[in-house]
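The values are calculated or read from the model by the stated rules, or taken from the named source; none is laboratory data. As the structure is a computational prediction, the values presented were derived from the model and not from experiment. Here the Cβ is made from the backbone with ideal geometry for all residues, glycine too, and neighbour counts use every protein chain on show. SASA here: full protein model, heavy atoms, side chains in, ligands and nucleic acids out. Shrake-Rupley method; radii C 1.70, N 1.55, O 1.52, S 1.80 Å.
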Amino acid sequence: MNSLYPCCFTRLFVALLFSPIFIPASSAYSPPLPAGGLGSLNARSAADTLGPAADTLLAPRVASSATASPLPDSTSRTRRAPRPRTSDYPVAPGETWHYDRPRPFRWLLHIPRDLGQFPGYAFRRENAGTLAGLAVSSVVLWATDEPILAWSQDVGRFAGLTAKSTQRTLVRIPFRVGSANLPFEFNVPDNLNSTFYYLGDGWTHLTVATSFWVYGGIRKDNRALQTSSQLGEAILSTGLVVQGLKRLTGRQSPFVATKERGEWHLFPSFSRYQRRVPNYDAFPTGHLATAMATVTVIADNYPEHHFIRPLGYSLMGLLGYSMLNNGVHWASDYPIGIALGYAFGKLAVRNGHTRVVTEPGEPAAQGTGLAPPRRPQPWYRQGKLAPYHYGPFTGASWSLRW
């Protein structure tokens, strides 16, 4: 019996020594692994850890880890792809526009820039014909203001349109600056002629701008977001210039006119203007200026949609008629107001899309109105290098033309 102990001990020792070779891989012991499995261990560390059985165990485990899904990691998170800051929009064959994602309310900082660039943009040699046309049309319309006004109101009476512009106030918050009464009001029209007139109201166009902002935020559409920013920029820039001209010229509106074609009270005081606004705010039209800025910005950002300008100009025609019918404006108030809205719409658009790429051989886009603005170069690129010789010295000078 005692002679069997060495034999049994020998068999047990051999079985324990070679057991890793015969134990299935699924039940063999393996040390704790990193999140990526055995594939993340290098060959040397795996061999040191597993010993002589490394060649047998490592091959099937690594092969299976290549097809298996990664082990769950409590620290890993599913991250959303970053929102691109620049998007490309093909708008015509061979033409692509690039839009950056605007920063919120950064367009407010662009308004001083637009006001500063406006004189250099509008009063250029290329625009001489347009400026002459504006002057001539304004004078011709001024001479015929009374007949045009009477004809418009006759048509309104024939069509049964109420001549007065009446609105219902939904929200009114009183606000005063010294003796000036500047309430915050939100009104809606209550008849058809007032509805046409409301097409040029600031609330209407700010609602359009907000709609582009909401759509762009939901769809991650940089072009819609830029359009919204440009609309706010163009509307406020236009409004500042129009209000400045109104307070300089002080022309009477038709329904309060005390003489033919209305009186002009130049440079009325602020308090005088605020006490009796219709006596001083006819020239130029702010409603048509705002509408023109809105149509220009939208049409220039979406040139592939050819219905925008015809639809916008048709609505502007209804707006212009309603203001003649209710006696708020003269026809001669229109040309300058429309030109201001167009100019500030163009100024707002030109910095929105970063560049336009046109394939060779494609004809350049043609337009009407004011000549397209040139992008101003930064001051450090406007300098000129020129050689000089002064006695024994030779070199180059850099001059900057202001």
Just the residues that are under 34 Å from the mean Cα position of the chain (by Cα) and farther than 17 Å from Phe196 by Cβ, please, taken from the stretch 154-179. Thr169, Leu170, Val171, Arg172, Ile173, Pro174, Phe175, Arg176, Val177
When residues of the stretch 295-332 are limited to those that are of a type in the set (Val, Ile, Thr) and open to solvent by less than 10 Å² (accessible area, probe 1.4 Å), the one nearest to Val155 (Cα to Cα): Thr296
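Of the residues that make up the stretch 203-217, is at least one in a loop (DSSP other than H, G, I, E, B) and surrounded by 11 or more Cβ atoms within 10 Å (Cβ to Cβ)? Walk me through it before giving the result.
We begin by selecting, within the stretch 203-217, every residue in a loop (DSSP other than H, G, I, E, B); these are none.
No.
Are any residues in the stretch 165-190 of a type outside the set (Ser, Thr, Tyr), surrounded by fewer than 15 Cβ atoms within 10 Å (Cβ to Cβ) and under 24 Å from Gly312 (Cα atoms), and if so, which ones?
Of all residues in the stretch 165-190, those of a type outside the set (Ser, Thr, Tyr) come to 167-168, 170-178, 180-190.
Going one step further and asking which of them are surrounded by fewer than 15 Cβ atoms within 10 Å (Cβ to Cβ), we end up with 168, 170-178, 180-186, 188, 190.
If the condition is that a residue be of a type outside the set (Ser, Thr, Tyr), surrounded by fewer than 15 Cβ atoms within 10 Å (Cβ to Cβ) and under 24 Å from Gly312 (Cα atoms), then Phe186, Val188, Asp190 are the ones that fit.
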Selection within the stretch 198-222 - of a type in the set (D, E, K, R) and closer than 15 Å to Ile298 by Cα: Asp221
In the stretch 133-164, what residues are open to solvent by 90 Å² or more (accessible area, probe 1.4 Å) and of a type outside the set (Val, Ile, Thr)? Trp142, Trp151, Arg157, Phe158, Lys164
Can you run down the residue pairs with Cβ atoms below 8 Å, 6 or more apart or on separate chains, where the first is in the stretch 160-172 and over 11 Å from Phe184 (Cα atoms) and the partner is open to solvent by 70 Å² or more (accessible area, probe 1.4 Å)? Leu161/Leu192; Thr162/Leu192; Ala163/Arg157; Thr166/Asp190; Gln167/Asp190; Arg168/Asp190
Of (1) open to solvent by less than 60 Å² (accessible area, probe 1.4 Å); (2) at pLDDT 90 or above; (3) out of contact with any Phe, Trp or Tyr (no Cβ under 7 Å at 6 or more places or on another chain); (4) more than 20 Å from Tyr342 (Cα to Cα), Phe255 fails just (1)
Looking across the stretch 235-252 at residues that are in contact with a His (Cβ under 9 Å, 6 or more places away or on another chain) and within 21 Å of Ile111 (Cβ to Cβ), the single one that is least open to solvent (accessible area, probe 1.4 Å) is Ser237
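Checking the condition over 22 Å from the mean Cα position of the chain (by Cα) and open to solvent by 30 Å² or more (accessible area, probe 1.4 Å), which residue from Pro278, Pro335 passes? Walk me through how you get there before you give the answer.
Numbers: Pro335 fails: open to solvent by 30 Å² or more (accessible area, probe 1.4 Å).
Just one listed residue meets the conditions, Pro278.
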Of the residues Arg247, Arg223, which is in a helix (DSSP H, G or I), more than 14 Å from the chain's Cα centre (by Cα), among the basic types (Lys, Arg) and at pLDDT 85 or above? Arg247
